[in-house]
1. Answer yes or no: is there a residue in the range 147-160 that is loosely packed, with under 15 Cβ neighbours inside 10 Å, assigned by TED's automatic domain parsing to the domain that holds residue 59, closer than 16 Å to residue 55 by Cα and in contact (Cβ under 8 Å) with a residue 60 or more places away in the chain.
2. Looking at the range 38-53, is at least one residue at pLDDT below 60, in a loop (DSSP other than H, G, I, E, B) and closer than 26 Å to residue 137 by Cβ?
3. Only one of these is in a loop (DSSP other than H, G, I, E, B), touching a strand residue (DSSP E or B) at 6+ places or on another chain (Cβ under 6 Å) and within 25 Å of residue 153 (Cα to Cα): 64, 68. Name it.
4. Please go through the range 113-146 and give me each residue that is touching a residue at least 12 places away in the same chain (Cβ under 8 Å) and in a loop (DSSP other than H, G, I, E, B), ordered by number.
């Protein structure tokens, strides 16, 4: 049953501040679990957002991903938002391997005039205190070429890839296969 109050009338009687305190305590007891649960979900979402980062030594491997391939395609590519070297010593990515391909090559793409050139390189240089981008729509950058794919890379799949750095050592990361957002995709032919 609801009680209505007249203008100027209070829920509490004069000098009854203890009742107000009990009402506030009751409200906090029912709100605290909800606030704690909300804070937990915010923490969980923030943790998930950084779940694509991996670390080995001074190197952070930021958001490794691959783009889906078509059925007859025998090659694919792996990209990273960045490879970050936070150390004071330069490092190099010297090789990679994965069970989804016969071989993984390190490649550099570069514009020469109006022509995009792709060449295999022996290593990807990671200068001290720097970020190196390995993105799919880059006109001057690196990527890892998956050669001899054993099956097509399908959107939503994931697979392991082991990276070997000259100084930092080895780290296996999980590669997520994802379709690039509209406006960022560039056809990747080999």
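1. Yes, the range 147-160 has at least one match.
2. Yes, because at least one residue in the range 38-53 is at pLDDT below 60, in a loop (DSSP other than H, G, I, E, B) and closer than 26 Å to residue 137 by Cβ.
3. After applying the criteria, what remains is 68.
4. 121, 122, 123, 127, 128, 129, 135, 136, 137, 138, 139
The values are calculated or read from the model by the stated rules, or taken from the named source; none is laboratory data. Just so it is clear, the model here is predicted, and its values are computed rather than measured. Because the Cβ atoms are built from the backbone with ideal geometry, glycine has one as well, and the counts that use them run over all protein chains shown.
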